[in-house]
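Reading through the structure tokens given below for one structure.
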Amino acid sequence: MNTLIKIQELIKDASPEEALALLATEFPGQVVFSTSLGYEDQVISHMIFSNAIPVKVFTLDTGRLFNETYSVLNSTLEKYKTSIQVMYPQTDLIEELVTKKGPISFYESPENRKECCNIRKVEPLKRALKGNAVWVTGIRAGQSGNRQDMPSVEWDEENQIIKYHPILNWSLQEIKSYISKYTIPYNTLHDKGFVSIGCAPCTRAIKPGEDFRAGRWWWETNDKKECGLHSS
């Protein structure tokens, strides 16, 4: 992975903003950022939009998002006077799934839940990543136990793309302070105990003392619950 080593060297002493700009110059038109419109991703969107860094930005609309998520998307578009590409699931796949298994099959088994995630999130993601060289994410090490040892730059074998996590080592307090400092639009569900926000039927607020990811797919007992976007 000579390219991976090259990128690691290129950005090793750079700030997140500087690193994003360097990557956009090194791979013109081939750097893409996926935003879920949560705290972390809003920070990175601000870095990109406020500095006019030529990184493509997209979001996944699963068709099951909270109204508050749509509100922060709209507020973001208004603040930065820009556009964000919205990726939707393939209609025929959704129709087949709901027709065969009903609208809430994901509660019935981990296999059903992963099938829904794959149709609504993973497949659209793959289409969005296709043809790009670098995938920027808002992953933080503190978000789950299996992200503690994750490097800031890595190779994603599943999607055949380099991933860069610019705020990997930021704390949640650093995220909140940055949001406040720059008056960045954020999802108001964060103020109600929602820390990791996904689809409405699959997300709840966490209770005091619970793990960061406890509010996602809370009916499952697996300690390493992921939707498949970052499984590799």
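In this structure, is residue 37 in contact (Cβ under 8 Å) with a residue 12 or more places away in the chain and within 18 Å of residue 194 (Cβ to Cβ)? Taking the combined requirement at face value, the residue satisfies it. Every condition in (1) over 14 Å from the mean Cα position of the chain (by Cα); (2) surrounded by 18 or more Cβ atoms within 10 Å (Cβ to Cβ); (3) assigned to a helix (DSSP H, G or I) holds for residue 125 except the one numbered (1). With respect to the conditions (1) modelled with pLDDT of 95 or more; (2) more than 29 Å from residue 185 (Cα to Cα); (3) out of contact with any Phe, Trp or Tyr (no Cβ under 6 Å at 6 or more places or on another chain), residue 74 lacks only one, and its number is (2). Among the residues of the range 93-143, those that are within 16 Å of residue 199 (Cβ to Cβ) and hydrophobic (A, V, I, L, M, F, W, C) comprise 93, 94, 97, 98, 104, 106, 116, 117, 119, 122, 125. Of the residues 182, 186, the single one that is crowded, with 19+ Cβ neighbours inside 10 Å and among the aromatic types (Phe, Trp, Tyr) is 186.
Considering only residues that are modelled with pLDDT under 95 and basic (Lys, Arg), look in the range 137-191 and name the one that is farthest from residue 18 (Cα to Cα). Looking at residues that are modelled with pLDDT under 95 and basic (Lys, Arg), I get 147. With the condition kept exactly as written, say whether any residue in the range 191-209 is over 30 Å from residue 104 (Cα atoms) and in a loop (DSSP other than H, G, I, E, B). No; the residues of the range 191-209 include none that is over 30 Å from residue 104 (Cα atoms) and in a loop (DSSP other than H, G, I, E, B). Among the residues of the range 141-153, not a single one is in contact (Cβ under 8 Å) with a residue 60 or more places away in the chain and farther than 30 Å from residue 2 by Cα.
Yes/no matrix, rows are residues, columns are (1) touching a residue at least 60 places away in the same chain (Cβ under 8 Å); (2) more than 15 Å from the chain's Cα centre (by Cα); (3) more than 23 Å from residue 216 (Cα to Cα):
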| position | (1), (2), (3) |
| --- | --- |
| 99 | no, yes, yes |
| 102 | no, yes, no |
| 106 | yes, yes, no |
| 121 | yes, no, no |
| 135 | yes, no, yes |
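Screening residue 131 on (1) surrounded by fewer than 18 Cβ atoms within 10 Å (Cβ to Cβ); (2) in contact with a helix residue (DSSP H, G or I) (Cβ under 7 Å, 6 or more places away or on another chain) shows it passes everything except condition (2).
None of 82, 35 is among the polar types (S, T, N, Q) and surrounded by fewer than 16 Cβ atoms within 10 Å (Cβ to Cβ) except 82.
Limited to the range 22-74, what total is found for residues that are among the aliphatic types (A, V, I, L, M) and under 28 Å from residue 90 (Cα atoms)? Quick ask: steps written out before the conclusion?
Taking the range 22-74 and keeping what is among the aliphatic types (A, V, I, L, M), we get 22-24, 31-32, 37, 43-44, 47-48, 52-53, 55, 57, 60, 65, 72-73.
So of that shortlist, the ones also under 28 Å from residue 90 (Cα atoms) come out as 31-32, 37, 44, 55, 57, 60, 65, 72-73.
So the count comes out to 10.
The values are calculated or read from the model by the stated rules, or taken from the named source; none is laboratory data. Predicted model only: the values in this text are computed from it and were never measured. Cβ coordinates were reconstructed from backbone atoms using ideal geometry, including for glycine residues, and neighbour counts include every protein chain displayed.
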